[in-house]
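Note sheet for the following structure.
Where a number appears in this text, it was derived from the coordinates with a stated rule and is not lab data. Everything numeric here is computed off the predicted structure, so don't read it as measured data. A quick note on method: Cβ atoms are made from the backbone with ideal geometry, for glycine too, and the neighbour counts reach across all protein chains shown.
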Amino acid sequence: WLKSILDYYLFVVTVYRRKTADLQIISYLLPNKRRFRTCLFLDADGVLWPENGTGEVLRGVSITQDARNFVSKFINTFGHQSRVIVITNQTSAARNEVTVEQLVTELKRSIVTRLKEVTAIYSCFHHPHADNPQLRMDCSCRKPHSGLFFDAQHDYKLHIPSSVMVGDRITDMQAAAGAGVKHLFIIANDKMFTLNELSTTPDETPSSIPFFVVNVLDEVVTKMQDVLN
């Protein structure tokens, strides 16, 4: 029972951050905040599981075996000092389909409890035209804006230029590049260049961002090895 209690406090600590009067983000954090050389940033929908529309996390998703193998291989290749952080837009609560608390529970169940390498989840729950007035905000944390990357950098003292972002949309690349992440990978798909709905474009346009297109996650490790060599 003692181990269960410790696990609870180490891994299910909910950090509420408030900017102005509204809920900005919720993240799951571990207490170890030493400086790490590299962080692997991951989108959720379309990376950890197939992209099948908004609210997919509410429909009982499972992390694919390819994603599990990739994360394990990345850590084994680039060192166990690396951190794995998921950064995801989730608007189900903004659409009043669930409460924020229910959505947090589903994110934890789908990611934290099933992929032990994950250090933290940073999620934006806002939308400029949200049905839920508490989440109706043109915020700085919704990708393609970079707010959540800056929060993760501050919380974990990350060295952002040596970090890696893997996403399935150009807005993932914009958000990471805006925070200074240099190693950007987008998974090839028919919606990869689609901008997020009602997003305002940050200073960097898609055409000015250098990134790799990969067909499968395993290619990320190979290309990173080539870059570092």
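Structural remarks
- The order of the peptides 122-128, 178-184, 72-78 by mean Cβ neighbours within 10 Å, most packed first, is 122-128, 178-184, 72-78.
- Scattering profile of the range 105-184 at q = 0.11, 0.23 Å⁻¹ [log10 I(q)/I(0), Debye over alpha-carbon scatterers]: -0.33, -1.19
- Flagged links, alpha-carbon separation over 25 Å, of 108/223; 108/157; 116/157; 108/143; 157/182; 116/191: 108/223; 116/191
- Kirkwood hydrodynamic radius (C-alpha pairs) into Stokes-Einstein, the range 29-164, 4 °C and 1.567 mPa s, D in µm²/s: 84
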